Amino acid sequence: MEKDFYTSLSIGSKSEEVVEVLFTKQGKDWKRTPHTEYARLNLDFESDYFIKNENCFIEVKSLAGNYQTACIEKYKNKENPLWNNTKGCYMNLDNQKDVKYPGWMRTILAGQNLQVYILNRAHSAIYIFDGKKLYNYVQSYPDGGLTAALDGNKDDSGWLAKFGWMDEKAGFIKKISFTKGAK
């Protein structure tokens with residue numbers, strides 16, 4: 001079955017509902033941040049939430065969770081001219097100005113405080129990572145070891161760096177369990 005970006009949006013929305021319940025239970029002073037909210041301020045980044053009393057942005061990612069590793073996007077793949085068809089990956093992009101980074105990385109590059117919440121849907125758990133540490137880990141990840149996103153998105157599927165669900169080198173902070181089907 002062929003997927004498109006809207007399938008991922010639906011999965012992401014359900015995961016964001018889980019996180020919103022968590023925020024409310026924890027008494028966090030949060031607000032939803034539309035991806036266009038900071039464009040008017042000439043800040044090129046995006047996140048899903050802003051926690052006011054912690055001055056922290058939150059990006060929510062959702063993974064099926066049936067693997068021993070988590071993963072997160074390092075590059076968007078459609079707009080980068082350094083794609084190498086023969087080798088099937090991007091080549092030598094870490095210092096290139098034309099890299100198209102995903103929104104969570106642009107948030108770090110804009111100097112913002114970010115945490116990344118990765119939902120493992122198979123195990124009903126949220127893994128929270130320090131965005132700056134995760135950024136540093138992913139930036140040091142070799143391009144040749146990246147994995148293509150296999151979700152079938154027609155939109156802007158990218159290349160992923162793998163890391164352990166509780167890898168402290170990747171910025172792991174804590175794990176929180178949630179009830180399956182929680183809204």
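Bear in mind these aren't lab numbers, they're just calculated from the coordinates by the rules spelled out. All values derive from a computational prediction rather than experimental measurement. Note that each Cβ is placed from the backbone with ideal geometry, even for glycine, and that neighbours are counted across all protein chains shown.
What is the packing order of peptides 138-146, 45-53, taking the mean over residues of other C-beta atoms within 10 Å and listing the highest first? Mind showing how you got there, number by number?
Values: 138-146: 15.2, 45-53: 18.6.
Those peptides, ordered most packed to least, come out 45-53, 138-146.
Sort 163-169, 129-135, 63-69 for me by packing, meaning the mean count of neighbouring Cβ atoms within 10 Å per residue, highest on top.
Values: 163-169: 15.3, 129-135: 22.0, 63-69: 13.0.
Put in order of decreasing packing, that is 129-135, 163-169, 63-69.
Pulled fully out, how much extra length does the chain show between residue 179 and residue 14, if you take 0.36 nm times their separation in residues and subtract their Cα-Cα distance?
Values: separation 165, 0.36 × 165 = 59.40 nm, distance 1.28 nm.
Stretched out fully, the residue 179 to residue 14 stretch lengthens by 58.1 nm.
Quick check: residue separation of residue 21 and residue 136 times 0.36 nm, minus the Cα distance between them. What number comes out in nm? All intermediate terms of the calculation are to be shown ahead of the outcome.
On the way: separation 115, 0.36 × 115 = 41.40 nm, distance 2.97 nm.
Gain in length upon complete extension: 38.4 nm.
Could you tally the net charge around residue 129, taking each other residue with its Cβ under 13 Å from the Cβ of residue 129, Lys/Arg +1 and Asp/Glu -1? Walk me through the numbers on the way to the answer.
Values: positive: 61, 132, 133, 169, 174, 175; negative: 59, 130, 167, 168.
With Lys, Arg at +1 and Asp, Glu at -1, the neighbours total +2.
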